[in-house]
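I have placed the structure first, in the form of C-alpha cells, so that the comments after it can refer back to it.
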Amino acid sequence: MQELAQRRSVGPVGTAEDPDTADDRAGGPVGSAVGQAVGDIGAYIRAQREHAKVSLRQLARTAGVSNPYLSQIERGLRTPSAEILQQIARALRISAEALYVRAGILDQRPAGAVTDAVLADPHLTERQKQVLLDVYQSFRRELTGADPPE
C-alpha cells in the first residue's frame with residue numbers, strides 16, 4: 001500500500017512537479033480564461049447577495065438550488081447554466097441580463113451617456129438600474145417608434 005502511495009506521489013500540488021496543474025485541469029490558457037469568467041460571475045453573485053444582505057442559505061432556497069451548489073458557483077468551482085443564472089437573478093431581484101453578460105452568455109449592448117451614467121452609479125441596486133433603464137428605453141421608443149442607439 002505504501003509503495004502505491006509513493007509511486008503516485010509526484011511532488012507538491014500546484015508546482016512544476018505537479019502534472020495536474022490548474023492550467024492543465026482548466027484546459028490550458030483558454031481554459032484559464034473560461035475559469036476566470038466563471039470566478040468573476042461567482043464573485044459578482046456573492047457581491048450582489050451580500051449587498052442585498054441575504055445569506056447563502058436564503059438565496060439558495062429562494063433560487064431553488066442547493067447550498068453547496070450555490071457556494072461552488074460563488075467560489076468559481078461550478079459554471080451555472082443560463083436557467084440557474086435566471087433563477088439566481090430573480091431571487092436577488094437583479095437583471096438576468098447583467099448575469100448573462102458577466103457569464104459570457106450575452107454580449108454587452110453598446111451603451112450611451114445615460115445608460116453609462118445609470119450603470120456607473122454605485123448608490124443604485126442592480127434592480128433599480130434595470131428599472132431606470134427600462135423606463136428610459138420605453139420613453140425613447142414612444143418618441144421614435146423604435147429603439148435607436150443613443
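The numbers here are math on the coordinates, done by the rules we state, and not lab data. In this text the structure is predicted, and so the values were computed from the model without any measurement. Methodologically, a virtual Cβ is constructed for each residue, glycine included, from the backbone with ideal geometry; neighbour enumeration extends over all protein chains shown.
A crude spin-label estimate for the pair Arg127 and Val114, with each label 7 Å from Cα along the Cβ direction, gives 2.4 nm.
Note on Asp107/Ser66: beta-carbon distance plugged into 1/(1 + (r/R0)^6) with R0 of 30 Å gives a FRET efficiency of 0.45. Subtracting the Cα-Cα distance of Ala52 and Glu142 from 0.36 nm times their residue separation leaves 29.1 nm of extension gain.
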